[in-house]
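Structure, as structure tokens:
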Amino acid sequence: MIPKLLIPAIAAVFATGSLNAAVVYIDFGGSDTSGNWNSITDEVSGSILDAIDSNGQFTGIYVEVTSRFNASNYTGTTDSSAGYPSTATGDSFYGNAYQAYNGQPIIASSTVTFSNLTAGVQYSFTFYASRVGVADNRITRYTLTGEGDAEYVELNTSNNVTNSVTIYDVVADENGEITLDVGAGTGNDNTTGFYYLGVVEINYVVPEPTSGILALSGLALATLRRRRR
Ligand SMILES: [Ca+2]
Ligand SMILES: [Ca+2]
């Protein structure tokens, strides 16, 4: 049984550890999105040193294209119902999984690496891309690898306006990294094997500074000890 005197201290510990959700938006493509967004415009080796969240706070998250895409386009939807700004949905990085294209050999997949992530935090990644005005199925596979087995989701980007796909609760590996591989998905019947990355949204709960929780835990322990004397 928990001594009554301890209950406020324990409650305080849990209050201190209350959920503080963060959302990070990243626009991939040729031009920036303004506001509290992060933009990567270089499809070969673009990066963001310290991504901001939707409140404009620095997160420490480092994002880098570590295996190139072919190029970027401006052939995504700019429909206002897409759920993201038109500057984010309208442009994409793309790759060519089946045939050489645009002076590049086959690019079976392209990789974006997220690093300086916090150990133990569960990150959920939502992927969006759109390629309008096409009659084939440009299904794109998004594969995340952190701690444990890789997981993937697939999205048909052809004429997409509102659809997105999410992988939930991925934990970083021992180096604080999660890698995203983007390639052609099951049933992609485009002869060049085009695949796309337009937007990545990351959702996670920000851990409270450990020192505060430890201090309160110490207080609770001291209270318990006093009562036991
Ligand atoms: Ca853009
Ligand atoms: Ca974009």
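Specify the residue that is farthest from residue 158 (Cα to Cα); the eligible residues are those in segment 46-105 that are among the small types (Gly, Ala, Ser), part of a loop (DSSP other than H, G, I, E, B) and within 11 Å of ligand 2 (Cβ to nearest atom). Residue satisfying both the conditions and the ranking: 90. Looking across segment 154-212 at every residue that is within 22 Å of residue 65 (Cα to Cα) and among the small types (Gly, Ala, Ser), the one that is surrounded by the fewest Cβ atoms within 10 Å (Cβ to Cβ) is identified as 176. Considering (1) β-branched (Val, Ile, Thr); (2) under 14 Å from residue 73 (Cβ atoms); (3) not in a loop (DSSP other than H, G, I, E, B), the lone condition that residue 126 does not fulfil carries the number (2). Scanning segment 76-97 for residues that are surrounded by fewer than 17 Cβ atoms within 10 Å (Cβ to Cβ) and on the phi < 0 side of the Ramachandran plot turns up 78, 79, 80, 81, 86. Of all residues in segment 106-120, exactly one satisfies the criterion of being more than 16 Å from ligand 2 (Cβ to nearest atom), outside any loop (DSSP other than H, G, I, E, B) and not polar (S, T, N, Q), namely 114. Pairs are defined by a Cβ separation below 8 Å, a sequence spacing of at least 6 or placement on different chains, a first member in segment 99-121 that is on the phi > 0 side of the Ramachandran plot and among the hydroxyl-bearing types (Ser, Thr, Tyr), and a second member that is modelled with pLDDT under 95 and surrounded by fewer than 17 Cβ atoms within 10 Å (Cβ to Cβ); no pair meets this definition. Taken over segment 22-53, residues that are within 13 Å of the chain's Cα centre (by Cα), more than 14 Å from ligand 1 (Cβ to nearest atom) and of a type outside the set (A, V, I, L, M, F, W, C) amount to 1. Taking segment 151-186 as the range and being of a type in the set (A, V, I, L, M), within 22 Å of residue 96 (Cα to Cα) and under 15 Å from the mean Cα position of the chain (by Cα) as the test, the residues that pass are 153, 165, 180, 182.
Conditions tested, residue by residue: (1) buried (at least 20 other Cβ atoms within 10 Å of the Cβ); (2) among the charged types (D, E, K, R).
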site: 29; (1), (2): yes, no
site: 32; (1), (2): no, yes
site: 55; (1), (2): no, no
site: 67; (1), (2): no, no
site: 70; (1), (2): yes, no
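If you go through segment 41-69 and keep only what is closer than 15 Å to residue 93 by Cα and free of Cβ contacts under 8 Å to residues at least 40 places away in the same chain, you end up with 41, 42, 44, 45, 46, 47. Listed by first and then second residue, the pairs linking a residue in segment 20-32 that is in a loop (DSSP other than H, G, I, E, B) to a residue that is charged (D, E, K, R) and modelled with pLDDT of 95 or more, with Cβ atoms under 7 Å apart and 6 or more places separating them unless they lie on different chains, are 29/91; 30/91; 31/91.
The values are calculated or read from the model by the stated rules, or taken from the named source; none is laboratory data. Worth saying up front: this structure is predicted, and the values here are computed from it rather than measured. A quick note on method: Cβ atoms are made from the backbone with ideal geometry, for glycine too, and the neighbour counts reach across all protein chains shown.
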